[in-house]
Amino acid sequence: MNWTDNADQSLRAVLENMVAEGLFAQSLGMQVTPAQVVSASHAMLLDLIRVSLPLAQVMDQSDLVLHAQGPALREGALRLGAFNWVVTTAEKALRRLSSNLFDLAQRDAKRLSRGLDLRLTGMAPGSLYIGVKIESVVSALFTVADEPLIVTVRETVHSLPRASSLIGEDRISTAALRDVVPDPAQRDSLLETLLSLTPTGRQDIETVNVGAPGEKSAALSKRARLVLRDYLRRPDLLQRKTGAFVGEVREIDLDAGRFHLRGVQGVGAIRCVATIDHTRAKLMLGETVRIRGDYECDRNGKPRLMLATEIEVIPAPRQAPLLDD
């Protein structure tokens, strides 16, 4: 039974109880007015209509539910800046996550992430609940062959609450996270998404609870932000190996210290972690690059996440001059 069914049953139960109370009073010969019959259940009815029914719609129709709480989100007096932060942050986080997943699949990440159809399923009071749904492929930017990628994005989003629940007071268990998201590159992208969803403290938002279909919601606090940021500076690798790989770099996130090495022979794409300045990044973009460092493989034995220690740009071969006839 889903949230909507529960809310409908509760509403029906209240209405039936009102009718039963009126009929019982009549059977005893009591003279009661409709207002008297309604008054006993009036508060419960209002709560169901104003809170439970809108919340049920959000919970049942969404791939991601955010419940933000704090002084800026008092019921009936939401601060506009705080509301905008929640909605804008949700969209940016989902588009960035989808871009990472598309890029790891060696697709046109920027184009596809911009075309991702995100829908606001609704809002509900109780500080602020918002729901976001990832629609199936409908845009001309996508083909039927892209549907599995949308499914991957949706499944990764659904795992956000479980990953959130594994953030401790001072550490994150990589082994436990692997059970939630086995792919190391997707796991790193997921944690980056959680970092972007944690409250910064600048908008008077204290916690953001993350929920998804069939998952118990988990809270992200300002403390979780510190733990995530520290972890992402140097992620733990399971079954660490060392090696070097050659591929192409098309985009670099300088703030996150992340880029994807694409076109690696026999591998595909590897997500790399490195501290890179703007000058170095300009030399790498669009070039063939050799990356050396420690890495972690997925369950199929393919390298997926690397902590880069050496970066070498491989010069393009010079074209031999044409000979005159």
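For the residue pairs K216/K241; K110/K282; K133/K241, the alpha carbons lie more than 27 Å apart in K216/K241; K133/K241. Sorting the segments 147-154, 27-34 by their mean number of nearby beta carbons within 10 angstrom, highest to lowest, gives 147-154, 27-34. Identify, among T279, L53, V249, the residue whose Cα sits farthest towards the positive end of the charge dipole of the chain, taking +1 on the Cβ of Lys and Arg and -1 on the Cβ of Asp and Glu, with the dipole about the Cα centre. Working it through, the farthest residue towards the positive pole turns out to be T279. Dipole size of the range 241-314 about its Cα centre, with +1 on Lys/Arg Cβ and -1 on Asp/Glu Cβ: approximately 240 debye, rounded to the nearest 20. Mind running the shape call on the range 53-180? Use the C-alpha gyration tensor, a ≥ b ≥ c as the square roots of the eigenvalues: rounded below 1.5 for a/c, prolate if a/b tops b/c, oblate otherwise. Oblate is the answer for the range 53-180, as a/c is 1.5 or above yet b/c matches or exceeds a/b.
Ranked by the mean number of other Cβ atoms within 10 Å of their residues, highest first, the peptides 97-103, 246-252 fall in the order 97-103, 246-252. For G257, nonlocal amide neighbours, meaning residues 5 or more places apart or on other chains whose placed amide H falls under 5 Å from its own, do not occur. A25 label point, 7 Å along Cα→Cβ, cut-off 17 Å on backbone N: hits in the range 36-52? Within reach of a label on A25, which here means backbone N under 17 Å from a point 7 Å along Cα→Cβ, the range 36-52 contributes 36-45.
Once backbone amide H atoms are built at 1.01 Å from N, E215 has no partners under 5 Å, excluding neighbours fewer than 5 places away on the same chain.
Values in this text are rule-based calculations from the coordinates and carry no lab data. These numbers were taken from a predicted model, which means no experiment stands behind them. Because the Cβ atoms are built from the backbone with ideal geometry, glycine has one as well, and the counts that use them run over all protein chains shown.
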